[in-house]
Amino acid sequence: MSPVAARRRQPAPTPVSPWQDGWHRDARRVPSPNFGLRPPGRAVELALIHSISLPPGRYGGDAIERLFTNRLDPAAHPYFAGLAGLEVSAHFLIRRDGELVQFVAVDGRAWHAGRSSWRGVDNCNDHSLGIELEGLEGHPFRAAQYRALARLLRQAAQAWPILEAVGHEHVAPGRKHDPGAGFDWRRLARHLGAHKPLLPLLSRGT
């Protein structure tokens with residue numbers, strides 16, 4: 001057998017999983033104390049997309065990370081005073097340049113959705129993956145963020161039974177409005193291609 005034929009017969013290498021104990025290998029890890037256990041038997045079936053900037057409209061800096069790790073100084077900016085004592089988190093933050101930051105392992109229950117319901121099931125924190133995009137509600141997001149988000153969703157759906165990805169606005173209508181009109185769901189769909197999870201415009205036939 002020729003060397004070329006031998007190489008052709010070799011099986012394709014098995015893809016290496018990006019996950020270890022619910023943490024993404026390519027994410028910068030900033031552990032948050034704001035999480036708990038998921039209810040027994042509840043699978044991670046939903047991805048929730050949010051938007052956040054602190055203070056609103058200002059990007060960069062470490063204010064978001066400080067908020068999710070209970071280190072935000074309420075005196076550092078007038079807006080921060082209203083966040084004093086708030087204990088919240090998300091699983092991931094995607095920065096404007098596409099950097100991935102992780103605060104809670106996917107198997108943990110992050111505190112990102114609040115009062116919420118989707119398809120008749122309340123308390124979306126119990127069965128969802130919370131992903132924050134650094135951005136202002138209603139304003140455009142960057143190409144690097146769409147690419148990073150699509151990659152994360154594909155990889156998460158391969159490891160957990162995530163069926164859909166929706167916005168905070170979908171699970172808490174009237175109370176929350178993020179990621180807002182500036183988020184292009186069709187652009188995300190193009191990045192995802194035929195991969196799961198389904199998006200609102202696909203799952204609702206719009």
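Annotations for the structure displayed:
- Counted residues, region 49-106 - those being closer than 25 Å to residue 151 by Cα and not aliphatic (A, V, I, L, M): 19
- Any pair with Cβ under 8 angstrom, 6 or more apart, that starts in region 30-58 at a residue that is over 27 Å from residue 161 (Cβ atoms) and ends at one that is in a loop (DSSP other than H, G, I, E, B) and open to solvent by less than 30 Å² (accessible area, probe 1.4 Å): 33/69; 53/135
- Residue 152 vs. criteria in a strand (DSSP E or B), open to solvent by less than 60 Å² (accessible area, probe 1.4 Å), among the aliphatic types (A, V, I, L, M) and modelled with pLDDT of 95 or more: no
Table: residues versus (1) open to solvent by 70 Å² or more (accessible area, probe 1.4 Å); (2) in contact with a strand residue (DSSP E or B) (Cβ under 7 Å, 6 or more places away or on another chain); (3) under 27 Å from residue 40 (Cα atoms); (4) among the acidic types (Asp, Glu).
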residue	(1), (2), (3), (4)
156	no, yes, yes, no
160	no, no, yes, no
163	yes, yes, yes, no
178	no, yes, no, yes
192	no, no, no, no
195	yes, no, no, no
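- Candidates 138, 182, 114 - the one that is at pLDDT below 95 and assigned to a loop (DSSP other than H, G, I, E, B): 138
- Selection count where residues are closer than 19 Å to residue 149 by Cβ and touching a Lys or Arg at 6+ places or on another chain (Cβ under 9 Å), scope region 27-45: 1
- Residues in region 70-94 that are open to solvent by 20 Å² or more (accessible area, probe 1.4 Å) and not hydrophobic (A, V, I, L, M, F, W, C): 70, 71, 73, 74, 77, 78, 79, 82, 85, 87.
- Number of residues in region 165-176 that are in contact (Cβ under 8 Å) with a residue 40 or more places away in the chain, in a helix (DSSP H, G or I) and open to solvent by 30 Å² or more (accessible area, probe 1.4 Å) equals 1.
- All positions within region 117-135 that are farther than 15 Å from residue 52 by Cβ, assigned to a strand (DSSP E or B) and open to solvent by less than 20 Å² (accessible area, probe 1.4 Å): 118, 128, 129
The values are calculated or read from the model by the stated rules, or taken from the named source; none is laboratory data. Please read all numbers here as calculations on a predicted model, not as lab measurements. All Cβ positions, glycine included, derive from the backbone under ideal geometry; neighbour counts span all protein chains shown. Areas reflect the complete protein model, heavy atoms only, side chains present, ligands, DNA and RNA absent. Shrake-Rupley method; radii C 1.70, N 1.55, O 1.52, S 1.80 Å.
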